Amino acid sequence: MSTAPKWAMPTLVLGALAIGFSPIFVRLSEVGPIATAFNRVVLALPFFYVMVWLQPRAQIRAACTPSVLLPVLIGGVFFATDLCFWHWSIKLTSVANATVLPNFAPVVVVIAAWLMYGERVSRGFIAGLAVAMAGIAVLLGDSFSLSASHFLGDLLGLSTSLFYGGYILAVARARRNASAVFVMAVGGTVSAVILWIVAYVAEGQVWPQTPHGWTIALLQSATVQAGGQALIAASLAHVATGFGATVLLLQPVVAALIAWVWFDEPLGLVQALGAIAILGGVEIARRASAK
């Protein structure tokens, strides 16, 4: 990170803050959870393809090689699977469980990046990650619980962390040789096709039916996909992969604050301390990564 451009860190944080709105849009959506994920991805594709079209042709041709396309395509598959599993988990378990369990993704990313790419992390980084994970447990501790009745939903939520971790690794790899908008356009197309098939088979209704439903879908796509996910993809070329995944732990803080304001779900003192611990853990990890 010592050689990263100055915009990389704030871009990553802004991306994490933007995708923190995702659970809110899922709750407000008038279509099923998988159809909601499909709308999120597909409605942003025109924006990404226009941005790709504006790039130099030589840059596009360089990205359209098998070695560059492979991680982009793999990332698209991982992302679609991640959204399917996570949105299903919201239906089959509590929102708290569906929020906590996917946040094991940074652990998956750190271990996989070490095994696959030799990315080493310091003790300070591990400490920061542990503090942030503990903060999530405190933030959602009162409502988080494991039970036999929610077993399938909890299993899907935990599986989400594996696929989201795989997505982060694939995008970080792809960003070495391809632009963020190229990764989002091509990978998003793969995700959209998979999500459409699953939504059509499992839910039937894929598109919103009312102006209100379309408004929610468009806002979700613009905020979470064209905004948040694109900013994260842009920054992953310039920060350590494990640290990038750790910063994404800011999502539950954002979701909790929005739920407090929007749905009148206030945070108590303990939950506020959990949120502060997450912020502190991310800062510890940032300082350790910078060193």
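Just so you know, all these numbers are worked out from the coordinates, no wet-lab data involved. None of these values were measured; they are calculated from a predicted model. Every residue, glycine as well, gets a Cβ built from its backbone with ideal geometry; the counts of neighbours run over all protein chains shown.
Some points to look at:
- 167, 200, 49 arranged by Cβ crowding within 10 Å, fewest neighbours leading: 200, 49, 167
- Taking other C-beta atoms within 10 Å as the exposure proxy, 64, 84 rank 64, 84 from fewest upward.
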